[in-house]
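Encoded as C-alpha cells, the structure appears first; notes follow it.
The values are calculated or read from the model by the stated rules, or taken from the named source; none is laboratory data. Since this is a predicted model, take the numbers as computed values, not measurements. Using ideal geometry, Cβ is built from the backbone for each residue, glycine included, and neighbour counts are taken over all protein chains shown.
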Amino acid sequence: MSYKIPLFKLNFDEQEQEAVVATLRSQWISTGPQCEALEKLFASMLGAAHAVALSNCTVALHLAMKLLDINAGDEVICPSLTFVATVNAIRYVQAVPVFADITGPDKINIDPQQIRNSITPRTRAIVVMHYAGFPCAMDEIMAIAREHNLKVIEDACHGPLSEYKGKKLGTIGDIGCFSFFSNKNISTGEGGMLVTNDEALAKKAKLLRSHGMTTMSYQRASGHATEYDVVEPGFNYRMDDIHASIGLVQMKKLQADLDQRAVVRARYEELLADNKALIIPYTGTKEFVSNYIFPVVLREGGKERRDELRNRLHAEGIQTSVHYPAVHRFSIYQPFTRSLPQTELVADTELTLPMFASLTADEQQYIADTLKKIL
C-alpha cells in the first residue's frame, strides 16, 4: 500500500551514492579504511574511547554478552518492551532473561525498582533499552549495578547522540550497542556499532568479530602484517566498507537531522496537547534526544481498539507502527514469562506515528486532525 504520509523517510541524497561509488572505485569493499574512519568518527561524536563497527546491532548485543563473560545459567535483567533481538542475544549465550516491567505509559523505560526487585544470586548483568532515544534512569541503574557487582549493557539502537545528564547514551554502562538498520536515525541498510571505554573489551571485540584472527585482510593487504593466528573461536560479524561509506555520510548529517526531529516532536506535542484520548510519553523532556520514533498511548481500550485505529489511519493514508509486541508473550519466551502489567498495557495500546526530519507542519496537522476525527 502506498501511503500519503509514510512512517519514516530515508535521509539519503547524492552524497550516499557518491560515497558508495568512490568505495567501489577504490577496489577495497570489505572491512578496511572506511570502517576505520567510521569507528573513529562515531567514537569522537559520542565521546567514547572505542567504537567497533559490526554487521548489525544484534551481533553487537551478542558480542557484549561474550565480552562480559555472561554464560549459561546466568541471569540477565532486561525489558520485555523492546525488539526481540535485545533478548535473543541473552539466549545466544544460554543465559536466562529476567523480564523487568517498565515505569508506565508516560515513560516507556525499564523501571529501576523493578530491576532491584529482580536481582538474585545468579544475576550477572542488566540490559537497558533507551526507548525512542529517551534515556533510562541511568544514575539509579548504575548505582544498583555497582551495589550488586553487575555489568550494564545499553541497547542504544534508538539513541545515537541522545544524552543523559551530559553523557551520550551508550557510553554510561560497560558496553553500548547501536543499530544502523534502514529505518534508524543512522541508516546503512544493515550495520551496527559497539562502543566501550574499556580498551581490553574493544580489542577483544575486534578479535571476535573476525573469526578470532589476530590480523585482518586489510592489514595484510596494506603491508602491516604478513600472517595471522587464530586465538579465539570468533565470528564473522564484520561491517564492510560499502556500508561504512554510507555511515560516514549519515554521521555527518546526524546532528542537523536530530535538531529538526526535535522541532517535529515539539510540534506534535502542541498539536496533540488537547487530545484527551492520548498519552504522549516523555512530554516535557529536557534532555537532547534522537526522537527515533514518536509513540502515543491510548488512554482507554486495548489491542482491538488500537488496531482498529491503525486500520482507519492507514485508510486515510497515514502509516503507523507498534513498538513493540512484548517479548515475554512470544511463544519462545513463554518459559520466562512473568507479571508485567505496565509492559502489557503499553504493548496493547501504543501507536507509533510518522516521525522524520522532513515531516512538514501541514502533514502533522493532517495527522492530528485525522486522529481527532477518528477518536
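Take the conditions (1) touching a residue at least 12 places away in the same chain (Cβ under 8 Å); (2) farther than 30 Å from Gln94 by Cα; Arg338 misses just one of them, which is (2).
Listed here are the residues, each with its yes/no results for (1) of a type outside the set (Lys, Arg); (2) out of contact with any strand residue (DSSP E or B) (no Cβ under 9 Å at 6 or more places or on another chain); (3) closer than 21 Å to Thr188 by Cβ.
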| residue | (1), (2), (3) |
| --- | --- |
| Asn11 | yes, yes, yes |
| Val21 | yes, yes, yes |
| Ser26 | yes, yes, yes |
| Glu39 | yes, no, yes |
| Ser44 | yes, no, yes |
| Asn56 | yes, no, yes |
| Val76 | yes, no, no |
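For the range 273-280, the criterion of a residue being under 23 Å from Thr82 (Cβ atoms), in contact (Cβ under 8 Å) with a residue 60 or more places away in the chain and not small (Gly, Ala, Ser) is satisfied by at least one position. All of Tyr228, Tyr237 fail the test of being hydroxyl-bearing (Ser, Thr, Tyr), closer than 30 Å to Asn291 by Cα and assigned by TED's automatic domain parsing to the domain that holds Ala89, apart from Tyr237. Restricting the range 1-38 to residues that are among the aliphatic types (A, V, I, L, M) and in a helix (DSSP H, G or I), the residue that is surrounded by the most Cβ atoms within 10 Å (Cβ to Cβ) is Leu38. Ile108 - would you say it is under 15 Å from Gly176 (Cα atoms) and either outside any strand (DSSP E or B) or modelled with pLDDT of 95 or more (or both)? No. When the range 331-350 is examined, which residues are found to be farther than 15 Å from Gly104 by Cα and surrounded by 14 or more Cβ atoms within 10 Å (Cβ to Cβ)? Passing the criteria: Tyr333, Phe336, Thr337. Scan the range 284-299 and give yes if some residue there is in contact with a helix residue (DSSP H, G or I) (Cβ under 6 Å, 6 or more places away or on another chain), part of a helix (DSSP H, G or I), outside the structural domain of Gln113 (by TED's automatic domain parsing) and crowded, with 17+ Cβ neighbours inside 10 Å, otherwise no. Scanning the range 284-299 turns up no residue that is in contact with a helix residue (DSSP H, G or I) (Cβ under 6 Å, 6 or more places away or on another chain), part of a helix (DSSP H, G or I), outside the structural domain of Gln113 (by TED's automatic domain parsing) and crowded, with 17+ Cβ neighbours inside 10 Å. Of the residues examined, Asp241 is one that is in contact with a Pro (Cβ under 8 Å, 6 or more places away or on another chain) and of a type in the set (D, E, K, R).
Residue-by-condition table, conditions (1) in contact with a Phe, Trp or Tyr (Cβ under 9 Å, 6 or more places away or on another chain); (2) within 16 Å of His328 (Cα to Cα); (3) crowded, with 24+ Cβ neighbours inside 10 Å:
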| residue | (1), (2), (3) |
| --- | --- |
| Ile77 | yes, yes, yes |
| Val87 | yes, yes, yes |
| Val96 | yes, yes, no |
| Gly104 | no, no, no |
| Ile119 | no, no, no |
| Thr123 | no, no, no |
| Val127 | no, yes, yes |
| Cys136 | yes, no, yes |
| Glu140 | no, no, no |
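Within the range 114-169, being assigned to a helix (DSSP H, G or I) and under 13 Å from the mean Cα position of the chain (by Cα) holds for Tyr131, Ala132, Gly133. Within the bounds of the range 247-259, is there any residue that is assigned by TED's automatic domain parsing to the domain that holds Ser26, surrounded by 12 or more Cβ atoms within 10 Å (Cβ to Cβ), under 19 Å from Leu208 (Cβ atoms) and touching a residue at least 24 places away in the same chain (Cβ under 8 Å)? No, because not a single residue in the range 247-259 is assigned by TED's automatic domain parsing to the domain that holds Ser26, surrounded by 12 or more Cβ atoms within 10 Å (Cβ to Cβ), under 19 Å from Leu208 (Cβ atoms) and touching a residue at least 24 places away in the same chain (Cβ under 8 Å).
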